[in-house]
1. Looking at (1) surrounded by fewer than 17 Cβ atoms within 10 Å (Cβ to Cβ); (2) out of contact with any Gly (no Cβ under 9 Å at 6 or more places or on another chain); (3) modelled with pLDDT of 85 or more, which is the one condition that is false for R90?
2. Is segment 97-117 home to any residue that is surrounded by 13 or more Cβ atoms within 10 Å (Cβ to Cβ), in a helix (DSSP H, G or I), of a type in the set (V, I, T) and touching a His at 6+ places or on another chain (Cβ under 6 Å)?
3. Tell me whether segment 105-117 contains one or more residues that are farther than 18 Å from A128 by Cβ, modelled with pLDDT under 90 and not polar (S, T, N, Q).
4. Any residue in segment 22-48 that is surrounded by fewer than 16 Cβ atoms within 10 Å (Cβ to Cβ) sitting within a Cβ distance under 7 Å of a residue that is outside any strand (DSSP E or B) and among the hydroxyl-bearing types (S, T, Y)? List the pairs, counting only those 6 or more apart or interchain.
5. Take the conditions modelled with pLDDT of 90 or more, part of a strand (DSSP E or B), touching a helix residue (DSSP H, G or I) at 6+ places or on another chain (Cβ under 9 Å) and among the aromatic types (F, W, Y) and apply them to F15. Does it pass?
6. Could you identify the single residue in L24, L72 that is at pLDDT 90 or above and farther than 22 Å from A110 by Cα?
Amino acid sequence: MRARPCPTVAALVVFTDQHEVWWLRGLRPGFRHCFAVVRDPAGEWVACDWLKGRLVFRVYGPHHPDELVERLVRRGFRVAEVAPVEARRRPVLRAMTCVEVAKQAIGVTAWRPLTPYGLWCHLGRVGARRHGV
């Protein structure tokens, strides 16, 4: 079954309370890690996740954005829906973090935010629909 086209949602940013790594315990509960889920040209949703020093990709398949958001929220995640962004690309040197990987995946070029909670707030300010706990 193919997903119904939904041109207004190009990506999702998923926020978790992952605290398996000791240095994440200092971050706001519920916002200790984030990753991006982007839709490829064929309509498949692919997660891009920076985990413990390596980039991990997972395929979620061809879901309608609402179905995928509902599935992720049921698992206890917070989710921000991001509209298509035509980002200006410029060379940057930044620390490789889950936030930076998510920002690059969705086209956010701002220096800040630096933490998952900061990204959640930033996305709310720019009009992303936010779901979750």
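The values are calculated or read from the model by the stated rules, or taken from the named source; none is laboratory data. Predicted model only: the values in this text are computed from it and were never measured. Reconstructed Cβ throughout: ideal geometry from the backbone, glycine too, with neighbour counts over all protein chains shown.
1. In the conditions (1) surrounded by fewer than 17 Cβ atoms within 10 Å (Cβ to Cβ); (2) out of contact with any Gly (no Cβ under 9 Å at 6 or more places or on another chain); (3) modelled with pLDDT of 85 or more, R90 misses (3) alone.
2. no
3. Within segment 105-117, one or more residues are farther than 18 Å from A128 by Cβ, modelled with pLDDT under 90 and not polar (S, T, N, Q).
4. Final answer for the pair search is R28/Y117.
5. So F15 fits the description; yes.
6. Step by step, each of L24, L72 is checked, and only L72 is at pLDDT 90 or above and farther than 22 Å from A110 by Cα.
This table checks each residue for (1) more than 18 Å from G124 (Cβ to Cβ); (2) touching a Pro at 6+ places or on another chain (Cβ under 9 Å); (3) modelled with pLDDT under 85; (4) in a loop (DSSP other than H, G, I, E, B).
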position: A3; (1), (2), (3), (4): yes, yes, yes, yes
position: P7; (1), (2), (3), (4): yes, yes, yes, yes
position: H19; (1), (2), (3), (4): yes, yes, yes, yes
position: C34; (1), (2), (3), (4): no, yes, no, no
position: W50; (1), (2), (3), (4): yes, no, no, no
position: L55; (1), (2), (3), (4): yes, no, no, no
position: R58; (1), (2), (3), (4): yes, no, no, no
